[in-house]
Amino acid sequence: MNIFVLTGAGVSAESGLGTFRDTSGLWTRFDPAKLATPEAFKRDPAQVNAFYDARRANLRGAQPNAAHFALADLQRRLAETGGRLFLCTQNIDDLHERAGAQHVVHMHGELFKARCPGCEAVVDWRDDLSGARCADCGGGLRPHVVWFGETPLEMDAIYDALEEADLFVAIGTSGSVYPAAGFVSEARRAGIRTCEINLDPSDNARAFDERRYGVASEMVPAWVEDVLGGR
Ligand code: OAD
């Protein structure tokens, strides 16, 4: 079996990392136009860096939860039987990897990496970024995250994997940010079965063949058991 899983902030919510659009979500408390656009970084790099420095500090103290571990387990067990779990995440945290998942595609970038806008070098970065310079060209580094108005990463590989999948599953995402929110329509067009696992119905819940609602730490392990048990 070949499964394409798309995860969003809901999968990491129980690890203590904030979601974006819930009542206490990041974009309810902070203005993304001032923190998550190339223009904002140009205008006030210190403010943008401080926001991502705080998120990096949060992530350093967070641990993967049962949903991350269940997906890593599913990936391992599918690979053992000649199948595949293509794990695509909108999350910039590394909790899938820390739970043991391999080849995670981070379409919105990675918080523990920094990029030089001048020479495009990408480097591992776990500490505060404020004032950091590129070791290659001396330019000011920026977080290696995709901001509003920028193109998500690895889109060709993502659409190829979607076309080859037997099942598309969206987990913990509000379905309101494109292009990820459009994957379910792409899957339907390709005749692939679709499933949503979320706390509550997402913006495009009606597009899914199957819907499972509850917290990811319970719903994802239960779904993995069903998949492995052939249900
Ligand atoms: P959102 O905050 O928009 O949506 C999170 C979804 O997870 C919501 O539908 C919640 O109901 C659900 N949820 C919350 N807690 C949950 C739990 N314990 N178990 C299961 N589901 C839960 O986050 P995303 O859809 O990931 O992009 O947001 C997409 C993108 O918007 C992000 O990657 C980010 C943001 O702007 C960038 O920063 C580029």
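The values are calculated or read from the model by the stated rules, or taken from the named source; none is laboratory data. What you see is a predicted model, and the numbers here were worked out from it, not measured in a lab. No Cβ is skipped: glycine too gets one built from the backbone with ideal geometry, and neighbour counts run over all protein chains shown. Protein only, heavy atoms only, side chains kept; ligands, DNA and RNA dropped before computing areas. Shrake-Rupley method; radii C 1.70, N 1.55, O 1.52, S 1.80 Å.
Of note:
- The chain: angle of helix 155-164 to the longest principal axis, Cα-based, in degrees nearest 10: 0 degrees
- Stokes-Einstein D in µm²/s, Kirkwood radius over Cα pairs - segment 91-231 at 4 °C with 1.567 mPa s viscosity: 75 µm²/s
- Size of charge dipole - segment 116-164 - debye, nearest 20, with Cβ of Lys, Arg +1 and Asp, Glu -1, no other charges: 460 debye
- Solvent exposure of segment 1-45 as accessible area per residue, Å², 1.4 Å probe: 50 Å²
- Segment 1-151: C-alpha pair distances exceeding 27 Å, %: 27 percent
- Relative contact order %, segment 25-123, counting alpha carbon pairs below 8 Å whose residues are six or more apart: 19 percent
- Accessible carbon and sulfur surface of the chain relative to its total accessible area, %, 1.4 Å: 49 percent
- MRE, 222 nm, helices only [DSSP H, n ≥ 4, -39500 (n - 2.57), over the chain, to nearest 500]: -9500 deg cm²/dmol
- Electrostatic dipole magnitude of segment 43-130 [Cβ: Lys, Arg +1; Asp, Glu -1; Cα centre; debye, to 20]: 160 debye
- Note: segment 154-210, Cα convex hull, 71 Å³ per residue.
- Proportion of all alpha-carbon pairs of segment 89-128 beyond 15 Å (%): 46 percent
- Two-site label geometry, Asp124 and Asn58: point separation in nm, points 7 Å out along Cα→Cβ: 2.4 nm
- Segment 1-69: proportion of alpha-carbon pairs further apart than 21 angstrom, %: 38 percent
- Rounded accessible area of Tyr159 (nearest 10 Å², 1.4 Å probe): 80 Å²
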